[in-house]
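Asker: Quick one: structure below, then a few questions.
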Amino acid sequence: MTFAINQIFNPLGNDDVQTRTIIKWNITGLFNLNKTKYSRAKSMYTMMIGNFRVPEKVSGLNEDSIQYKQELTEGEKKAYDGILSFLIFLDSIQTSNLPNFAEYITAPEVQLLLAIQAYQEAIHSQSYATILESVVDANKRDQIYYFRRENPILLERNTYIGQIYQDFIDNPTDENFFKGLIGNFLLEWLYFYNGFAFFDTLADQQKMKATDRMISYIRRDELTHVTMFTNILREIKKEFPAMRNERVIYDMFSNAVDQEIKRAQHILGSNVMGINEYTTEMYTKRLANKRLWLLGLQALYPEITESPYKHLERLQDSNGERTNFFESTVTNYTQSTAMQGTRDF
């Protein structure tokens, strides 16, 4: 069933909070943020605004440039370049596609969060540009930007992600909208994290610490983004239960895990700082189990119960907040209060 995008101006709409739904409501187009249904959106808004930063202000990238040229092994350089290429694509596609989701969300307070997210994704792209400009020689930057287009494994991966979004844009049915939401959930919650783990491992060995600090700011944003989409999916389950298709969720998760393992193993190789084919597979499957739990579903890989990267749990993010890198649960009180969004807005 196809449903229509929101009208910009709809004087015959209904802004009643009690009867409003997350999608498919006849809204007026007015942002009355003093009357909201999904109350936790307000705390998420405050936290997302508070996360503002200027990428150029991150210090230490010049030192990273020296380390990149003089201290990284060839395997570490290959992983650094390849992971940046993939992350750049992910945030680029998010910046472009989020407004398409927003056109079908009928809660103004959630539309506002999506607008902030799109802005933050653009800041992420600026962050990667700053890293490349500071660390990598000019004659190599285009190669990194377009490596994900020319490498067949990355191209296959990116085509899969992009097609999910394009199907929804071309044919906005309930099924394609739901698949788009799951695709977004996987992109934010699964696809980034082997890359994050690599940069954290570099920093744990006193390498490329400014790059990792920039990545930690990006990860901080991603936590709010995925909390928002977890809540959107839960509201749809409650308000439009027929739209939720658990078979689709499991199929998309299974495919995403297989492709992510293949991609990560291709980029990271067989042994880069203790990251190898085995740990990559275990890490990705562990993440998938955790993400399914957030959606109220059983693990795809119940045999995977332990973390292969114990060292990540020692790390502190840029604000000194303790983070569990497998569950991505910020335990600093201020942030965790706002991030209780695992139940509802």
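Here, each number is a calculation from the coordinates, and none is a lab measurement. Just so you know, these numbers come straight off a predicted model, no measurement behind them. Positions of Cβ are backbone-derived with ideal geometry, glycine not excepted, and every protein chain shown enters the neighbour counts.
Asker: List, in order, the whole-Hz ³J(HN,Hα) value for each residue of the range 180-190 obtained from phi through the Karplus relation with A = 6.51, B = -1.76, C = 1.60 and θ = phi - 60°; use x for Gly and Pro.
Answerer: x, 5, 5, x, 5, 4, 5, 4, 6, 9, 10
Asker: Which angle between 0 and 90 degrees, to the nearest 10, do you get for helix 277-294 versus the longest principal axis of the chain when only C-alpha atoms count?
Answerer: The helix 277-294 is inclined about 20 degrees to the chain.
Asker: Here's a follow-up. Hey, quick one: spin label on N62, modelled 7 Å out along Cα-Cβ, who in the range 118-138 has an amide N within reach, i.e. under 18 Å?
Answerer: 130-138
Asker: Right, next: Under the Karplus relation 6.51 cos²θ - 1.76 cosθ + 1.60, θ = phi - 60°, what is the ordered set of whole-Hz ³J(HN,Hα) values for the range 73-83, x standing for Gly and Pro?
Answerer: 6, 4, x, 5, 5, 4, 5, 4, 5, x, 5
Asker: For the range 44-87, which GluC sites (Glu not before Pro) are in a loop by DSSP, counting at most 14 other Cβ atoms within 10 Å?
Answerer: E71
Asker: Can you list residues whose amide H is under 5 Å from I23's amide H, if they're 5+ apart or on another chain and H is modeled 1.01 Å from N?
Answerer: T106
Asker: Exposure proxy check: T305, T21 ranked by fewest other beta carbons within 10 Å?
Answerer: The fewest-first ordering by Cβ neighbours comes to T305, T21.
Asker: Turning to a different aspect of this structure: Sorted from fewest to most neighbouring beta carbons within 10 Å, what does the list Y104, Y80 look like?
Answerer: The most exposed by this proxy come first: Y104, Y80.
Asker: Go through K179/K238; K77/K262; K69/K310; K57/K310; K290/K310; K238/K285 and tell me which ones have a Cα-Cα distance over 25 Å in this structure.
Answerer: From the list (K179/K238; K77/K262; K69/K310; K57/K310; K290/K310; K238/K285), the Cα-Cα distance tops 25 Å for K69/K310; K57/K310; K238/K285.
Asker: Consider a paramagnetic label point 7 Å from the Cα of Q126 along Cα→Cβ; state which residues of the range 46-63 have an amide N under 20 Å from it.
Answerer: Within reach of a label on Q126: 46-62.
Asker: Can I ask one more? Between Y146 and D16, what is 0.36 nm times their sequence separation minus the Cα-Cα distance? Round to one decimal in nm.
Answerer: Length gained between Y146 and D16: 42.0 nm.
Asker: Just Q259, Q206, Q111 to compare: in a GNM of the chain, with alpha carbon springs under 10 Å, which one fluctuates most?
Answerer: Highest fluctuation of the listed residues: Q206.
Asker: Another one. Using Cβ counts within 10 Å as a stand-in for footprinting exposure, how do T19, T106, T227 rank, fewest first?
Answerer: T19, T106, T227
Asker: Based on the alpha-carbon set only, what is the convex hull volume of the range 74-118 divided per residue, in Å³?
Answerer: 58 Å³
Asker: For the range 106-243, give the magnitude of the charge dipole about the Cα centre (Cβ charges: +1 Lys/Arg, -1 Asp/Glu; no others), in debye to the nearest 20.
Answerer: With Lys and Arg at +1 and Asp and Glu at -1, about 380 debye.
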